[in-house]
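K.L.:
Can you read through this structure? Questions will come right after.
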Amino acid sequence: MADPSVHVFNGRLYIYPSHDWESGVQENDSGDHFNMKDYHVFSTDDVENGEITDHGVVLDTKDIPWAGRQLWDNDVAHKNGKYYMYYPLKDQNDIFRIGVAIADRPEGPFKPQPEPMRGSYSIDPCILEEKGEYYMYFGGIWGGQLQRYKNNKALEAGATYPADNEPAIPPRVVKLSDDMLQFAEAPKPVLILDKDGKPITQGDNERRFFEASWVHKYNDKYYFSYSTGDTHLLCYATGDNPYGPFTYQGVILTPVIGWTTHHSIAEFKGKWYLFHHDCVPSNGVTWLRSLKVVELKYNQDGSIQTIQGQ
Ligand code: FUB
């Protein structure tokens, strides 16, 4: 299991991961080897010593009418007694879109909508609930296809990367509609700035956004955390508004064994935790990842103490 999104629903902690398996697809820079086809849900009432319940398969590509291949990182939100799972999946033209599936309970099963969300693209949706509104953050470069879009339109020229000294390709944020099934507005770029207020540049591989958005709130600040991809760091930036801008602060997790690094941050029973994955149990096989959890600690000034991945 990989890419854990974690939420506390009804006093219990639920983990929504991707489900890796040995599908035999050759490894490449587009991530074709992450060829997942279903999701399980896990839950526990004691992160450190408790049993983990596996709720079984809760969504399968065979039940999604528009499915092509590659069910990547999902996230789940709760509204008015229903649970909404947001998942990226390639359609039958090999384009990543974001779908929604609905359940009556946090552990599923989730029933997919017949079409992907209108205007959706790229990967790794994560949801922030804030003052009765729901915001989706999404995007990922390379295999996540974000470099193929500008102003929410597919680029006719295909993939376009900025020059190394230009602002990096930004993740996106969008408010969800009241029924949770569509975007309520056009997605906006999420600006990640350095401490001088200048955008992080495309050539700044140790700080620029790659994939794996997560947003949590601590002491009235919004923490936008993400993976730097080819430099294998989880880092974070903070802001005063769900739309950003966010100012880069530092590294949460140094590289783990494996290529990808992906996470979520949640508070449960008075402690904060970082959930992530590595490839230790598979001896470094990059497409067979396993979940990990570690306590996350803040300094007095709200900065996060860096955790060593190895
Ligand atoms: O699990 C497939 C992809 O790998 C995720 O969507 C990315 O964030 C990376 O972890």
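K.L.:
Taking the number of other C-beta atoms within 10 Å as the exposure measure, put Phe210, Phe224 in order starting with the fewest. Don't skip to the answer; put the middle values down first.
P.N.:
Values: Phe210 25, Phe224 29.
So the ranking, lowest neighbour count to highest, is Phe210, Phe224.
K.L.:
Further question on the same structure: Could you list which residues have their amide H under 5 Å from that of Tyr134, counting only those 5 or more apart in sequence or on another chain, with H placed in the peptide plane?
P.N.:
Placed amide hydrogens put Leu176 under 5 Å from Tyr134.
K.L.:
Let me ask another. What is the distance in Å between the Cα centroid of region 2-25 and that of region 32-74?
P.N.:
6 Å
K.L.:
Run the numbers for Asp240 and Asp60: contour at 0.36 nm per residue of separation, minus the present Cα-Cα distance, in nm.
P.N.:
Between Asp240 and Asp60, full extension yields 61.0 nm more.
K.L.:
Spelling out what I want: for every residue of region 89-106, take phi, set θ = phi - 60°, compute 6.51 cos²θ - 1.76 cosθ + 1.60 (Karplus), and round to whole Hz; glycine and proline get x.
P.N.:
With coefficients 6.51, -1.76 and 1.60, one gets 7, 6, 7, 6, 9, 6, 10, 5, 10, 10, x, 10, 9, 10, 9, 8, 9, x Hz.
K.L.:
Any chance you could list P(r) for region 7-98, counting all Cα-Cα pairs in 5 angstrom bins from zero, rounded to whole %?
P.N.:
3, 12, 20, 22, 17, 12, 8, 5, 1
K.L.:
What per residue convex hull volume, in Å³, comes out for the chain when only alpha-carbon positions are used?
P.N.:
Working: hull volume 39.8 nm³, N = 310.
Value for the chain: 128 Å³ per residue.
K.L.:
Follow-up. Whole-Hz ³J(HN,Hα) for each residue in region 287-301, computed from phi via Karplus 6.51 cos²θ - 1.76 cosθ + 1.60 with θ = phi - 60°, x for glycine and proline: what do you get?
P.N.:
So the Karplus estimates, Gly and Pro as x, are 9, 10, 9, 10, 7, 9, 9, 8, 5, 10, 10, 9, 7, 4, 7 Hz.
K.L.:
Using Cα pairs closer than 8 Å and at least 6 residues apart in sequence, work out the relative contact order for region 1-147, in percent.
P.N.:
18 percent
K.L.:
Taking the beta-carbon count within 10 Å as an exposure proxy, list Cys235, Cys126 from fewest neighbours to most.
P.N.:
Ranked by crowding around the Cβ, least crowded first: Cys235, Cys126.
K.L.:
Separate question: Which of Gly144, Val47, Ala186 sits closest to the plus end of the dipole of the chain, meaning its Cα is farthest towards the positive end, when Lys and Arg get +1 and Asp and Glu get -1 on the C-beta?
P.N.:
Ala186
K.L.:
Can you list the lysines whose alpha carbon sits under 25 Å from that of Lys217, skipping same-chain ones fewer than 8 residues off?
P.N.:
Leaving aside lysines fewer than 8 places away in the same chain, those within reach of Lys217 are Lys79, Lys82, Lys131, Lys175, Lys188, Lys195, Lys198, Lys269, Lys271, Lys292, Lys297.
K.L.:
Using Cα positions and a limit of under 21 Å, work out the lysines in reach of Lys37, with same-chain residues fewer than 8 apart set aside.
P.N.:
Counting by Cα, and skipping residues close in sequence, Lys37 has these lysines nearby: Lys62, Lys90, Lys111.
K.L.:
Taking the alpha-carbon set of region 221-284, what are its Rg and Dmax in Å?
P.N.:
13.3, 41
K.L.:
Next question. Amide H neighbours of Gly250 under 5 Å, at least 5 residues apart or on other chains, H built in the peptide plane: list them.
P.N.:
Distant-sequence amide H within range of Gly250: Tyr236.
K.L.:
Let me ask something else about it. With an 8 Å Cα cut-off and a minimum separation of 6 or more residues, compute the relative contact order for the chain in percent.
P.N.:
13 percent
K.L.:
Any idea how far apart Ala184 and Phe9 come out in nm if each label point goes 7 Å out from Cα toward Cβ?
P.N.:
2.1 nm
K.L.:
Further question: Compute the projected area of the convex hull of the Cα atoms of region 94-208, averaged over all viewing directions, and report it in nm² to one decimal place. Mind showing how you got there, number by number?
P.N.:
On the way: hull surface 36.8 nm².
Mean projected area of the Cα convex hull: 9.2 nm².
K.L.:
Long-range amide H contacts for Asp73: which residues qualify at under 5 Å (H placed 1.01 Å from N, peptide plane, sequence gap of 5 or more or a different chain)?
P.N.:
Long-range HN contacts for Asp73: Asp124.
K.L.:
Using Cβ counts within 10 Å as a stand-in for footprinting exposure, how do Tyr134, Tyr14, Tyr149 rank, fewest first?
P.N.:
In order of increasing Cβ crowding within 10 Å: Tyr149, Tyr134, Tyr14.
K.L.:
Considering the chain as a Gaussian network with a 10 Å cut-off on Cα pairs, which listed residue, Gln92, Gln26, Gln202, attains the greatest mean-square fluctuation?
P.N.:
Ranking Gln92, Gln26, Gln202 by mean-square fluctuation puts Gln26 first.
Coordinate-derived values only; no laboratory data. Just so it is clear, the model here is predicted, and its values are computed rather than measured. Cβ: placed from backbone, ideal geometry, glycine included. Neighbour counts: every protein chain shown.
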